[in-house]
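A.B. asks: My questions all concern the structure below.
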Amino acid sequence: MKTKVLSLWLISLVMMSFVLSAEKKREINLWQKFFPDNLERLYIIMKDEMVFNHNSQHDGKIYINIGMLEKRLKKFKGKDYSIKEIKIVIHNHRRKNYFTLADYRQYRMLKKYGFKGLFLIYCHRTNKTYDIEDEKKSK
């Protein structure tokens, strides 16, 4: 009798794990739709919700320099935005669910120019979004 009860209990645990993993796969990351292909992309979202996007046509890296960013922000539809008005900077990684040295350099440069928003990556492999500040706290 104990063997049957134990067997049923183990079977129910296995079944439950399948159900829970199926539930997790159904989770939708809101950022997922911003990164539909293999190209690395960068999105800049301003405090007034205006969205800028940039991609370098590479599948492994993306870069935007501060001078180019400032020019682009100032020229956008007469808004004259500044780096201080950026709410979110997000880009994607295909496999890496961590920030690279280049990401940290870019983040520090933005901070130097007054950026106070969120600096995020979306990882395709994990379907999760990561905040550079959370990663800095864990080190």
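A.B. asks: Using all alpha carbons of segment 50-115, what is the percent of pairwise distances in each 5 Å bin, ordered from the shortest bin to the longest?
C.D. replies: In order of increasing distance, the bins hold 3, 14, 27, 26, 18, 9, 3, 0 percent.
A.B. asks: Take every DSSP beta bridge whose two residues both sit in segment 35-135, then give the antiparallel share in percent to the nearest 5.
C.D. replies: The antiparallel fraction comes to roughly 70 percent.
A.B. asks: Distance cut-off 28 Å, Cα to Cα: go down the list Lys74/Lys128; Lys33/Lys96; Lys77/Lys128 and report the pairs above it.
C.D. replies: Flagged as over cut-off: Lys74/Lys128; Lys77/Lys128.
Every number here is computed from the coordinates shown, using simple stated rules; none is lab data. The shown structure was predicted, so the numbers you read here are calculated from the model rather than taken from an experiment.
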